[in-house]
Amino acid sequence: MLCDFHLHTSFSGDSDTPPVRQIEQAVRLGMACICITDHHDMDVRSACDFNLALPDYFPAMEELRDRYRKNLKVEIGIELGLQNHIIPELNQVALEYPFDFIIGSCHFIDGLDPYYPEYFEGRTESESYRHFFEVTLKRVQNMDCFDALGHLDYVVRYGPNKNQAYHYKDYQDVIDLILKTLIHKGKALECNTGGFHYGLGHPNPCEEILCRYRELGGELITVGSDAHSPEYVGYAFDSAALLLKKCGFSYYTVYHKRIPRFLPL
Ligand SMILES: [Zn+2]
Ligand SMILES: [Zn+2]
């Protein structure tokens with residue numbers, strides 16, 4: 001099975017799965033390599049504490065990496081919540097710890113997480129989606145502290161009608177600029193299969209966007225389940241591999257010490 005490069009554990013404020021359970025599930029599934037990417041969203045107001053306890057996280061992950069060395073390769077990653085007003089702090093985290101892989105994700109927009117309905121109040125669904133993409137564009141233009149952009153159309157998971165009336169074409173102007181910026185900067189696009197378990201029937205981002213990234217010359221695709229519990233590790237990876245091949249990808253990407261390596265799909 002493909003290597004899962006987006007996994008959460010109890011180090012994330014929204015998961016109570018001990019890291020060993022995620023690792024053992026990946027071993028059972030026959031994965032050669034995984035990357036744990038716990039949440040770190042700084043300066044946000046949320047019911048959950050999304051500040052990662054980095055001084056504890058890193059040594060704990062190193063110990064697990066060594067303990068499971070014979071079973072599979074455990075890479076140490078992080079999912080950083082991108083926000084323009086904390087660029088120096090984000091750069092500092094990326095430099096201070098020797099991560100193998102950093103996902104940059106947009107979870108909070110103007111202080112609001114689309115996970116909660118407040119984000120959608122006072123504007124239409126399509127205005128809410130467009131605003132999310134416009135803010136994402138500014139962040140990818142301004143930031144370099146990450147290797148892959150996580151779940152580009154995350155907002156669609158939580159819209160009032162989810163992806164029923166959602167089409168890439170309606171946002172092509174801004175989404176194409178996001179993709180071109182990623183390609184220009186040598187950043188990967190993540191294929192996040194969480195969309196399947198959120199009932200979208202598609203990954204995040206949707207196929208049209210994954211194919212468009214390829215069409216524009218993008219080559220770096222990472223694959224992650226975004227699993228917060230063991231049953232979702234590697235979720236729908238067969239579907240992800242098929243649709244990526246349909247888009248024209250022959251390889252996906254894993255990272256070690258923040259250097260990409262290509263593996264066949
Ligand atoms: Zn995320
Ligand atoms: Zn995640």
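None of the figures in this text is laboratory data; all of them are computed from the coordinates on show. Remember, predicted model here, so these are calculated numbers, not experimental data. In this analysis, Cβ positions are derived from the backbone assuming ideal geometry, glycine residues included, and neighbour counts consider all displayed protein chains.
What the table shows:
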item	result
Theoretical ellipticity at 222 nm over the chain - DSSP helices of four or more residues, -39500 (n - 2.57) apiece, nearest 500	-10000 deg cm²/dmol
Karplus-derived 3J(HN,Hα), 6.51/-1.76/1.60, for each residue of the range 250-265, Hz, glycine and proline x	10, 10, 10, 10, 10, 10, 9, 6, 6, 10, x, 9, 9, 10, x, 7
Over the chain, relative contact order from alpha-carbon pairs under 8 Å, at least 6 apart, %	21
Approximate spin-label separation K70-V20, in nm, with each point projected 7 Å along Cα-to-Cβ	1.6
Whole-angstrom gap from the range 129-183 to the range 43-111, using each part's C-alpha centre	21
Antiparallel DSSP beta bridges within the chain, as percent of all bridges there, nearest 5	25
Estimated vicinal HN-Hα couplings, Hz - the range 104-111 in sequence order (Karplus 6.51, -1.76, 1.60; Gly, Pro = x)	x, 10, 9, 9, 10, 10, 6, x
Proportion of all alpha-carbon pairs of the range 100-223 beyond 17 Å (%)	53
Of every Cα-Cα pair in the chain, the percent that sits beyond 24 Å	43
Cross-link reach list, lysines versus K246, counting only Cα pairs under 26 Å and skipping chain neighbours closer than eight places	K162, K169, K180, K185, K187
